[in-house]
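Here is the structure we will look at.
The values are calculated or read from the model by the stated rules, or taken from the named source; none is laboratory data. Quick caveat: nothing in here was measured; it's all calculated off a predicted structure. Note: ideal-geometry Cβ built from the backbone for every residue, glycine included; neighbour counts use all protein chains shown. The protein model used for the area step is the full one, side chains on, heavy atoms only, and it has no ligands, DNA or RNA in it. Shrake-Rupley method; radii C 1.70, N 1.55, O 1.52, S 1.80 Å.
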Amino acid sequence: MAKYKLEYLWLDGYTPVANLRGKTKVADFDEFPTLDQIPEWGFDGSSTQQAEGGDSDCMLKPVAVYPDASRSGNAAIIMCEVMLPDGTPHPSNTRAGIPDDADAWFGFEQEYFLFQDGRPVGWPGAGYPDPQGEYYCGVGNDAVGDVARQIVEEHLDLCLAAGINHEGINAEVAKGQWEFQIFGKGSANCADQMWVARYLLQRCAEQYGVNVEYHCKPFTGDWNGSGMHCNFSTERMREEGGEPYFKSLMDAFEKFREEHIAVYGPDNHLRLTGLHETQSIDMFSWGIADRGASIRVPHAFANNDWKGYLEDRRPNSQGDPYAIAGRVLQTLQSVS
Ligand code: ADP
Ligand code: MN
Ligand code: MN
Ligand code: MN
């Protein structure tokens, strides 16, 4: 037997953006625990906007387990759904409502800023740095600056140690802005990994007195906003495809434009302006290799009899990947 530190993670009841919450349970295991060995737990929902004080118990239902290299010794991160005492999903539980599709694949590209003392890391104390241009995939202190590279590298290592399907990182177009990509198979799998990757990023940045700014447009002016492009495919899209099916999918995405925007993250009108590689928020368009479209169709998709994956470019950096994956699947499943 050995002592394990289990960090139970969940999403609180704040709107429009839920915060990650976590607390540690110490438990004995012979070896690294599997999901079915992790006990359910509970918390005080009156402190997280998930219950009234008089009847405050909420339940934590473990749904995924990851090794946790962000702390010493034996440690695991336990991603949880929040349940009511009667065992039904809490209204804030966006994971519970995702349509089932074990063969759905998702790839999220998370963009974010690192902030210190209310300013992006590497920005001068007052005023602005040089305009955008040399920062994207930049190298050197002037381009990426201060502790940013260190945090980004440590975060990548923590994700890999956790067994997360991390696919890569890059410095983004604005100074102090970064991106990482996560891929997963199954309705909720990629979104689970994304929440844990966000957690590890925030944990890592804490040590440097740095905050992760997920807002989609932290500054006005000629500075790119932050997105979380959602790349998706189903078995039918990958194996059957065809132009008529693709066109029906795009009709459905157009029809449900507002329902998609509703879960694609707050303040998206500030980012989806038609500038800075976006389509305007109240338009819907698709285009081959078009980074100014709502949905970008990769060349490989169009050239392979409309088979493969598509990229919805509208979700933003503050969006909830559970709600986004759920809405995408709902729209895909509405097409016969
Ligand atoms: P870009 O910046 O050019 O849009 P990235 O390389 O940053 O592209 O991201 C591409 C994303 O597409 C990755 O997250 C990857 O996992 C995802 N992806 C690749 N193939 C598929 C697929 N068949 N289904 C779903 N997502 C996919
Ligand atoms: Mn990308
Ligand atoms: Mn990007
Ligand atoms: Mn993209």
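Tabulated data for the structure shown
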read-out: Within straight-line cross-link reach of Lys61, lysines at Cα separation under 19 Å, skipping those fewer than 8 residues along the same chain; value: Lys5, Lys23, Lys25
read-out: The range 101-245 - accessible surface per residue (Å², probe 1.4 Å); value: 40 Å²
read-out: Lys/Arg +1, Asp/Glu -1 at C-beta; the range 165-270 dipole; positive extreme among Ala191, Phe256, Gly227; value: Ala191
read-out: Using θ = phi - 60° and Karplus 6.51 cos²θ - 1.76 cosθ + 1.60, couplings along the range 294-301 (whole Hz; Gly, Pro as x); value: 5, 10, 8, 9, x, 3, 4, 5
read-out: Model label zone, Leu275; criterion: amide N under 17 Å from point 7 Å along Cα-to-beta-carbon; scope the range 225-247; value: 225-227
read-out: Computed label-point distance, nm, for sites Asp57 and Asp130 using a 7 Å Cα→Cβ extension; value: 6.1 nm
read-out: Eligible lysines near Lys307 by straight Cα distance, threshold 25 Å, same-chain separation 8 or greater; value: Lys185, Lys247, Lys255
read-out: Accessible-area composition of the range 2-93, carbon plus sulfur, in percent [1.4 Å probe]; value: 48 percent
read-out: Theoretical gain in end-to-end length, Lys185 to Leu160 [0.36 nm per residue, Cα-Cα removed]; value: 7.3 nm
read-out: Modelled label reach - Glu254, point 7 Å along Cα→Cβ, the range 275-300 residues with backbone N closer than 20 Å; value: 278-298
read-out: Average accessible surface area per residue within the range 2-93, 1.4 Å rolling probe, Å²; value: 49 Å²
read-out: 29 Å tail of the calculated P(r), the chain, as % of Cα pairs; value: 41 percent
read-out: Portion, in percent, of the accessible area of the range 105-333 that falls on carbon or sulfur, probe 1.4 Å; value: 46 percent
read-out: DSSP bridge pairs, the chain: antiparallel proportion in percent, nearest 5; value: 85 percent
read-out: Cα→Cβ-extended label distance, 7 Å offset, between Val17 and Ala262, nm; value: 2.1 nm
read-out: Spacing of the two label points (7 Å from each Cα toward its C-beta) at Glu167 and Thr24, in nm; value: 3.4 nm
read-out: Sorted peptide list for 297-307, 78-88, 122-132, 175-185, criterion being average Cβ within 10 angstrom, highest first; value: 175-185, 78-88, 297-307, 122-132
